[in-house]
1. Just need a number here: residues in region 1-52 that are touching a residue at least 12 places away in the same chain (Cβ under 8 Å), of a type in the set (D, E) and surrounded by fewer than 14 Cβ atoms within 10 Å (Cβ to Cβ).
2. Confirm whether A19 is over 19 Å from N2 (Cβ atoms) and in a helix (DSSP H, G or I).
3. Quick one: is E113 acidic (D, E) and in contact (Cβ under 8 Å) with a residue 40 or more places away in the chain?
4. Looking at region 1-16, which of its residues are part of a helix (DSSP H, G or I) and touching a helix residue (DSSP H, G or I) at 6+ places or on another chain (Cβ under 6 Å)?
5. Would you pick out the residues in region 53-89 that are among the hydrophobic types (A, V, I, L, M, F, W, C), more than 22 Å from I115 (Cβ to Cβ) and open to solvent by 20 Å² or more (accessible area, probe 1.4 Å)?
Amino acid sequence: LNNLAELNRIEARWEDSQAMFEEALEILRRKYGENHPAVGTALHNLAGCRLAQDDVDGAYDLYAKSLARKEATLGTNHPEYATTLYHMAEVLCRSDRKEDAIVLLERSIKVSEEI
C-alpha cells in the first residue's frame, strides 16, 4: 500500500497518494502500536506527500511526529533520524526560516558523520 501511495505521489495523484499513505499509517498503528519504527516511517512518507503539495505546515508537523517516533524507537544515532532532520530542514527552507533550517541540517550531518 505504501509503495502504491509512493507511485501515486510520483505521478502527482495527490488525493490517491495521501489517502493510501494515511491508510498505511493506520494499518501500522493498529498492528504495531503508536511507538513502532514503521509508524515513524509512515509519518515521514505522509509528510513527503504533503510537502509535494506545498503544505509546508502539515509536512513539518508530520515530520516532527516522525522524528519523535524515530528518536523513541531508533535513537538519535540512526540514518532514519538523520533523514527526517534533513527533510524538516527542507521544509524550513521553503518557509524562509533559513537559520532554523541550518541548525537541523547541521544536526543531520553530525548524525550521519557519527554513523
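1. Here the count works out to 1.
2. Values: over 19 Å from N2 (Cβ atoms): no; in a helix (DSSP H, G or I): yes.
So A19 fails the test.
3. no
4. Across region 1-16, the qualifying residues are N2, L4, A5, N8, R9, D16.
5. Initial filter on region 53-89 (among the hydrophobic types (A, V, I, L, M, F, W, C)): 56, 59, 62, 64, 67-68, 72, 74, 82, 85, 88-89.
Filter once more, keeping what is more than 22 Å from I115 (Cβ to Cβ): 56, 59, 62.
Correct list: V56 only.
To keep it simple, each residue is scored yes or no on (1) within 13 Å of the chain's Cα centre (by Cα); (2) charged (D, E, K, R).
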{"position": "M20", "(1), (2)": "no, no"}
{"position": "L28", "(1), (2)": "no, no"}
{"position": "K31", "(1), (2)": "no, yes"}
{"position": "A47", "(1), (2)": "yes, no"}
{"position": "Q53", "(1), (2)": "no, no"}
{"position": "Y60", "(1), (2)": "yes, no"}
{"position": "K65", "(1), (2)": "yes, yes"}
{"position": "Y86", "(1), (2)": "yes, no"}
{"position": "A101", "(1), (2)": "no, no"}
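This table checks each residue for (1) part of a helix (DSSP H, G or I); (2) out of contact with any Ser or Thr (no Cβ under 7 Å at 6 or more places or on another chain).
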residue	(1), (2)
R50	yes, yes
L67	yes, no
C93	yes, yes
D96	no, yes
A101	yes, yes
L104	yes, yes
E113	yes, yes
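The values are calculated or read from the model by the stated rules, or taken from the named source; none is laboratory data. Keep in mind that this is a model prediction, so the values were computed, not measured. Using ideal geometry, Cβ is built from the backbone for each residue, glycine included, and neighbour counts are taken over all protein chains shown. Heavy atoms of the whole protein, side chains included, go into the accessibility calculation; ligands, DNA and RNA do not. Shrake-Rupley method; radii C 1.70, N 1.55, O 1.52, S 1.80 Å.
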